[in-house]
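Notes follow the structure.
The values are calculated or read from the model by the stated rules, or taken from the named source; none is laboratory data. Keep in mind that this is a model prediction, so the values were computed, not measured. Positions of Cβ are backbone-derived with ideal geometry, glycine not excepted, and every protein chain shown enters the neighbour counts. For accessibility, only protein heavy atoms count, side chains too; no ligands or nucleic acids. Shrake-Rupley method; radii C 1.70, N 1.55, O 1.52, S 1.80 Å.
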Amino acid sequence: MSTVTSRTTYVGVALAAAVGLTTLTACGDSEDSSSGGKSKDVTLVTHDSFAVSKDVLKEFERRTGYKVHRLKDGDAGRAVNKALLTKDNPQGDVFFGVDNTLLSRALDGGLFQPYRTPELSSLDAATRLDKEHRVTPVDTGDICVNYDKKYFDEHRIKPPKTLEDLTRPQYKNLLVTENAGSSSPGLGFLLGTAAAYGDEGWPTYWKKLKANGIKVVDGWEQAYNQEFSGSAGGRKAGGERPLVVSYASSPVAEAVYADTPPKTAPTGVATGTCFRQIEFAGLLSNAKNPEGGKALIDFLASKRFQEDVPLNMFVSPVRGDAKVPAEFTKYGTVVREPYTMAPDKIADKRDDWVKSWNTLVLK
Amino acid sequence: MTAARKAARRLWPKGSAARLGLAAVPAAFFALFFAYPVTAIVLRGLREGGHWQFGRLGEVLGDPGIRHVLWFTTWQALASTALTLLVALPGAYVLARLDFPGKALLRALVTVPFVLPTVVAGSAFLALLGRGGLLDDLWGLRLDTTVWAILLAHVFFNYAVVVRTVGGLWAQLDPRQEEAARMLGASRLTAWRTVTLPALGPAVAAAALMVFLFTFTSFGVVTILGGPTYATLEVEIYRQTADVFDLPTAAVLSLIQFAAVALILLVHAWTVRRRESALHLVPPAATAHRPRGAAQWTLLAGVLLTVLVLLLLPLAVLVQRSFDTGGGPGLGYYRALTRNDDEVFLVPPVEAIGNSLTYALAATAIALVIGCLAAAALTRPGGAGRLLRGFDALLMLPLGVSAVTVGFGFLISLDEPPLDLRASWILVPLAQALVGVPFVVRTMLPVLRAIDPRLREAARVLGAAPHRVWREIDLPLAARALLVAAGFAFAVSLGEFGATVFIARPDNPTLPVAVARLLGRPGESNYGQAMALSTLLMLVCALSLLLLERVRPRGRDAADRPAVPTGEM
């Protein structure tokens, strides 16, 4: 990955480039050789939410001699689509951040090449969804309705527990969710309802949700930090909705990022509304540095990285031997039976469902 | 064709060859960086799975969701255009016909929004109309996620288009014609309706079509203010490509938008040609006068109030927000811009200013070279006229073709040697230059056309080589217009968002991209930084525009044209 080092040179090149297309071509070539040519550089293409502790990454670089470049390419869905479009000549070596809701799109599109990491046997068997090892599971998270504890205490209403509860009159106009077409928690929530009510039943359920005053916004940030009354951001922004579609780990994040650590998290999780999300990494087809890419995948599956994951990305590790930080046990909620759906089925129905959902809920 | 031109043709038999030669570079540029990428992405969508997907056309058009998008795109563009005309026509009159202190400043001010990035305008309106915005604080009124916010933002953007296009002509209409009608007994209204209105008609139509084009393809405003409920065709193309990954649908939608834009441009070209027909024009200085009577003073006050509320207030709120830190007014957000928040950008947001300026300079250089060659080709005497007129319209197309389509096209088509530009920073300036070229051509064309061909002819007769003729005759006359074109291309490149958001690399964000990314992140600090960065971007835009206004050609020479080329689009 190149950084802007000398602007004056660039302006000079720009002027030259403007004069003749030949110069332009030459310019492209030189850029190319500097960004992809050296085998000690390895590029991780990922989404905006990827995060790792600096020292953990440094340690990997020191141990292997690879220099890791990160190319954060928008939110998860867009990053996957862009990677698919450029798969013949990828922008990096490893892609991290494709989840089970988009997995089959990536696999069918030939985004990845097989690589079986030696760490595989340590990873939770239930998350190893690709028998050909084109992807390696890295973390899991549950998409669940979160509630604002204070609101429900003050109004002396019990917070909802299940999907069915959300359609009851005492929760009218309380829930905000994300656009299933553009947001991954939004899509996860839709898939959860489809898992719960079946292919035929979910539209009826959503009609009830709509009649019960559900609000839809474009993305998670807006839903959680603007509309939701229980989050720190939402309180500041004057959020008015005490129920939001977020993650099972969001209460942990609320507590960890509070100015003074609270005794309990200010928000809770409706455990009967959860959908399990699994995030994968894979070696990109046509990667320029496959050896470096493989080392990077081993690193993502390693104990060191797996133990670093929870407090950086607020998801759970997939390694059985990874120690979960104390904050997770103190403030978190264990979701025992999340809704799940096979990636093949998701692949089959996803687009049609999103389309019907759009017409049903948005239009 | 004038006798002089005929003579020139006889004298210069290879005229058409030279013309085509000049046109070759811009044509190659557009083929390589516009036609090829756009075709590549559209074909990729239409040929999914190895065979043609023409059946998708009917399928897409039959989809009620898509029909809803088409319907919304059309009616909001119509409504935006009508509203813009309604609000801006009095402004056009006031700036054309009335003389008052600060008029030049006002003219510059109303043009600022036009070159502002849509993201900045979007955030300005959000700060005014959104949650916790000024209206919300005062009256609990929120207009974000309603169509009103979109319409008002469109008026904000396109006010200048009407003022410049219509006002530019209005200022040069001979007032004596209307006076004559009144002397013959017509009432003030009748005189205006029968004399001035018909003369202004084509200019109003041209402005309306331009506003329609810009609002029909609106992207940034709708994504920021519309929420998930409202989508224009352009936004839907983005969603189908980037979110749903339904390339066939995106391709069909791109073709529909392409057809619509081509139609708008054709109608526009036709109105402009009609407008160029015999009107008696006089210098603007001769038509403007101090306001007279209560009606004119009221009109002036009304226009000033509109500009204040609709154009300046959103910008002022933006600036105010950028200083409004948690602990009272201060520079906290500006200081935060210099910090390296690893998780957002990998570089301090303030570096985006440097990136933006570098990209905009490069884009301006490219746009100037391509645009000037194209304009020169279009004004050269010689054959191949019909062919070149088509070329003229072709150069305008990037204004209306989805920037996302262009961006995606770049990613998949310019990825192999000898043209592997994907990892190169030049990709962004190239995309921005595409939007800049139409402005350069529109600014240069009228000036070059107005140069008396007899001058060139005389020089040639005296034995000057073609490049010498150009240097000695055309260049001095066109130099001012060239500066104006450069300033405009620069401002437009600075604000380009749709294509840049797609191809800008995360470690090299431009200002608009950085603003959008900050707005998309939670927390007050990110919001405040977005406002601060928007303010900086606005300043840079406004400064380049004011500079441009200073070099604005004066007097009655050939270069006496509106500073903003929309008048000729």
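Observations on the structure shown:
- The condition of being touching a residue at least 60 places away in the same chain (Cβ under 8 Å), open to solvent by 40 Å² or more (accessible area, probe 1.4 Å) and touching a helix residue (DSSP H, G or I) at 6+ places or on another chain (Cβ under 8 Å) holds for A:ASP108.
- Hey, B:VAL406 over 28 Å from B:ALA393 (Cβ atoms) and among the β-branched types (Val, Ile, Thr) or not: no
- For region A:233-261, a residue qualifies if it is in contact (Cβ under 8 Å) with a residue 40 or more places away in the chain, aliphatic (A, V, I, L, M) and assigned to a helix (DSSP H, G or I), and the qualifying residues are A:VAL252, A:ALA253, A:ALA255, A:VAL256.
- In region B:15-46, the residues that are more than 22 Å from B:PHE410 (Cβ to Cβ) and open to solvent by 30 Å² or more (accessible area, probe 1.4 Å): B:SER16, B:ALA17, B:ALA18, B:LEU20, B:GLY21, B:LEU22, B:ALA24
- Checking the stated criteria, A:THR140 turns out to be assigned to a strand (DSSP E or B), within 15 Å of the chain's Cα centre (by Cα) and either surrounded by fewer than 16 Cβ atoms within 10 Å (Cβ to Cβ) or β-branched (Val, Ile, Thr) (or both).
- The test for being more than 14 Å from chain B (Cβ to nearest Cβ), crowded, with 22+ Cβ neighbours inside 10 Å and of a type in the set (Val, Ile, Thr) does not hold for A:THR204.
- In region A:49-59, the residues that are within 13 Å of A:ASP308 (Cα to Cα) and in contact (Cβ under 8 Å) with a residue 40 or more places away in the chain: A:PHE50, A:ALA51, A:VAL52, A:SER53, A:VAL56, A:GLU59
- Exclusive hit being modelled with pLDDT under 90 and away from every other protein chain (no Cβ under 14 Å), set A:PRO338, A:PRO262: A:PRO262
- Of all residues in region B:23-70, those that are more than 30 Å from B:GLN432 (Cα to Cα) and not in a helix (DSSP H, G or I) total 5.
- Candidates A:VAL361, A:VAL315, A:VAL309 - the one that is within 14 Å of chain B (Cβ to nearest Cβ), in contact with a strand residue (DSSP E or B) (Cβ under 9 Å, 6 or more places away or on another chain) and open to solvent by less than 30 Å² (accessible area, probe 1.4 Å): A:VAL361
- Taking region A:138-186 as the range and being under 30 Å from A:VAL94 (Cα atoms) and of a type in the set (Asp, Glu) as the test, the residues that pass are A:ASP139, A:ASP142, A:GLU178.
- Taking every residue in region B:138-157 that is free of Cβ contacts under 8 Å to residues at least 60 places away in the same chain and of a type in the set (Lys, Arg) and pairing it with any residue that is surrounded by fewer than 20 Cβ atoms within 10 Å (Cβ to Cβ) and part of a helix (DSSP H, G or I), at least 6 positions away or on another chain, the pairs with Cβ-Cβ distances below 6 Å are B:ARG142/B:ASP136.
- Residue check, B:VAL447 in contact (Cβ under 8 Å) with a residue 60 or more places away in the chain, in a helix (DSSP H, G or I), more than 14 Å from the chain's Cα centre (by Cα) and farther than 25 Å from B:LEU169 by Cβ: no
- Qualifying residue in region B:47-54 (condition: open to solvent by 70 Å² or more (accessible area, probe 1.4 Å), farther than 11 Å from B:VAL252 by Cβ, at pLDDT below 90 and hydrophobic (A, V, I, L, M, F, W, C)): yes
- When A:TYR224, A:TYR257 are checked against the criterion of being within 14 Å of chain B (Cβ to nearest Cβ) and open to solvent by 20 Å² or more (accessible area, probe 1.4 Å), a single residue qualifies: A:TYR257.
- Odd one out for A:LYS288 among (1) under 19 Å from the mean Cα position of the chain (by Cα); (2) assigned to a loop (DSSP other than H, G, I, E, B): (1)
- Qualifying residue in region B:220-231 (condition: under 18 Å from B:VAL119 (Cα atoms), hydroxyl-bearing (Ser, Thr, Tyr) and in contact (Cβ under 8 Å) with a residue 60 or more places away in the chain): yes
Table: residues versus (1) among the polar types (S, T, N, Q); (2) more than 14 Å from chain A (Cβ to nearest Cβ); (3) touching a strand residue (DSSP E or B) at 6+ places or on another chain (Cβ under 8 Å).
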position: B:ASP420; (1), (2), (3): no, no, no
position: B:ILE426; (1), (2), (3): no, no, no
position: B:GLN432; (1), (2), (3): yes, no, no
position: B:PRO446; (1), (2), (3): no, yes, no
position: B:ASP452; (1), (2), (3): no, yes, no
position: B:ALA458; (1), (2), (3): no, yes, no
position: B:GLY463; (1), (2), (3): no, yes, no
position: B:ARG468; (1), (2), (3): no, yes, no
position: B:PHE488; (1), (2), (3): no, yes, no
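- Checked against (1) at positive phi; (2) surrounded by 16 or more Cβ atoms within 10 Å (Cβ to Cβ), B:THR73 passes all but a single condition, namely (1).
- Counted residues, region B:201-226 - those being open to solvent by less than 10 Å² (accessible area, probe 1.4 Å) and within 10 Å of chain A (Cβ to nearest Cβ): 1
- The lone exception for A:GLY320 - which of (1) over 17 Å from the mean Cα position of the chain (by Cα); (2) more than 14 Å from chain B (Cβ to nearest Cβ); (3) crowded, with 21+ Cβ neighbours inside 10 Å it fails: (3)
- Lone qualifier among B:THR145, B:THR194 - being open to solvent by 50 Å² or more (accessible area, probe 1.4 Å) and under 30 Å from B:PRO228 (Cα atoms): B:THR145
- Residue match in region B:167-183 (condition: touching a Ser or Thr at 6+ places or on another chain (Cβ under 7 Å), buried (at least 23 other Cβ atoms within 10 Å of the Cβ) and over 17 Å from B:LEU95 (Cβ atoms)): no
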